[in-house]
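Okay, structure first, notes after.
Read-outs: derived from the displayed coordinates by stated rules, not from any lab. No experiment lies behind these values; they were computed from the predicted model shown. Virtual Cβ from ideal backbone geometry, glycine too; neighbours counted across all protein chains shown.
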Amino acid sequence: MVSCESGCPVTQTDGCAVRYVRCEADAARAAFARRNHDDIRAHGLFHIGGGKYRKDYKWDAMKWHNKAFAMTNMDGISLGGWRIWIDGDVTFHAPMTEVDWCEILDDEYLGVYIGRTDWPHSECGFLALNLGRGGVSFLLSMREIWASDAVFRLREWHDAWVFDTVRAIYQARGFRFKDLAAGVGGMHPWPQTVLGRFMTHHKGPVAKGEQYGRPV
């Protein structure tokens, strides 16, 4: 995750200190894990008979809560600049310039994301929130859904569903969001977006196995 408060764009570390945050120190994350660790449903497990279980990512809250709390961590948060989330299975294959970042980040929007018309929820391997235009409040809204266990009242229990839920609320209030995949179909629109010129998202176990030489 990149969280630089020196404004858009940032292409070097000058004036933007790198700060490492230990997720284990997040009390809200730890409390969520303690409350729900022993609930098999929170692990996305469903009993199908004969002592066998089926696992589904859509309800594996215990997997996704780590990403959700890291993404919404408030340590050192400011009221300016952008917070950019990039999944750990993303690699950069081309350098990005100041002009490239400005093509992606637009101060007119609260957030920039990758929507999907052929799947029930957005692709949250990349997400940018404008901290000076409601982004801090947006992060807190997402965080509260997890911290209060309200995530279990949603249709699906993962970070992308929570993001889409909060985004709909903020859009109803008049906030604008930039969909990098507007007009692009399919389950994996990332390569057809501007991000595809610079980054590859090794999405799914097959792609991860090809990239890292083993399942991840």
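Relative contact order of segment 2-212: what whole-number percent is it, with Cα pairs under 8 angstrom and at least 6 residues apart?
Working: 309 pairs, mean separation 51.4, N = 211.
It comes to 24 percent, rounded to a whole number.
Taking the highest mean first, how do the peptides 24-31, 56-63 order by number of other beta carbon atoms within 10 angstrom per residue? Walk me through the numbers before you get to the answer.
Working: 24-31: 13.9, 56-63: 17.5.
Highest mean packing first, the order is 56-63, 24-31.
Can you give me the angle between helix 27-36 and the longest principal axis of the chain, using Cα atoms only, in degrees from 0 to 90, rounded to the nearest 10?
30
For helix 61-71, what angle does its Cα long axis make with the longest principal axis of the chain, in degrees from 0 to 90 and rounded to 10?
Helix 61-71 sits at roughly 20 degrees to that axis.
Give, rounded to the nearest 20 debye, the magnitude of the charge dipole that the chain has about its Cα centre when Lys and Arg contribute +1 at Cβ and Asp and Glu contribute -1 at Cβ.
Working: 26 positive and 26 negative charges, 169 e Å.
Charge dipole of the chain: 820 debye, to the nearest 20.
Using the alpha-carbon atoms, what tilt in degrees (0 to 90, nearest 10) does helix 159-172 show relative to the longest principal axis of the chain?
60
For a quick protection proxy, order the peptides 94-101, 194-201, 128-135 by their average other-Cβ count within 10 Å, most packed first.
Details: 94-101: 12.8, 194-201: 17.4, 128-135: 21.8.
Listed from highest to lowest mean packing, they are 128-135, 194-201, 94-101.
Using DSSP, restrict attention to beta bridges with both residues in the chain and report what percent are antiparallel, rounded to the nearest 5. Show your work: numbers first, answer last.
Values: 19 of 22 bridges.
So the antiparallel bridges amount to about 85 percent of the total.
Rounded to the nearest angstrom and ordered from largest down, what semi-axes does the equivalent ellipsoid of segment 2-212 get from its C-alpha gyration tensor (root of 5λ)?
Working: eigenvalues 161, 87, 61 Å².
Over the Cα atoms of segment 2-212, the semi-axes work out to 28, 21, 17 Å.
Just tell me which aspartates and glutamates come within less than 13 Å, Cα to Cα, of K67; anything on the same chain fewer than 8 places away is out.
Within the straight-line cut-off, K67 pairs with E24, D26, D87, D89, D159.
Please list, by residue number, every one of the GluC sites (Glu not before Pro) in segment 123-164 that is coil in DSSP and has at most 11 other beta-carbon atoms within 10 Å.
Here no GluC sites (Glu not before Pro) fit, given the DSSP loop and packing criteria.
What FRET efficiency do you get for F152 and R173 if R0 is 25 Å and r is their Cβ-Cβ distance, rounded to the nearest 0.05? Could you put the intermediate results ahead of the total?
Details: r = 25 Å, r/R0 = 0.99.
That gives a FRET efficiency of 0.50.
Any of K63/K178; K55/K203; K52/K203 with alpha carbons more than 21 Å apart? Name them for me. Kindly include the intermediate steps, with their values, before the conclusion.
Working: K63/K178 27 Å; K55/K203 18 Å; K52/K203 27 Å.
Flagged as over cut-off: K63/K178; K52/K203.
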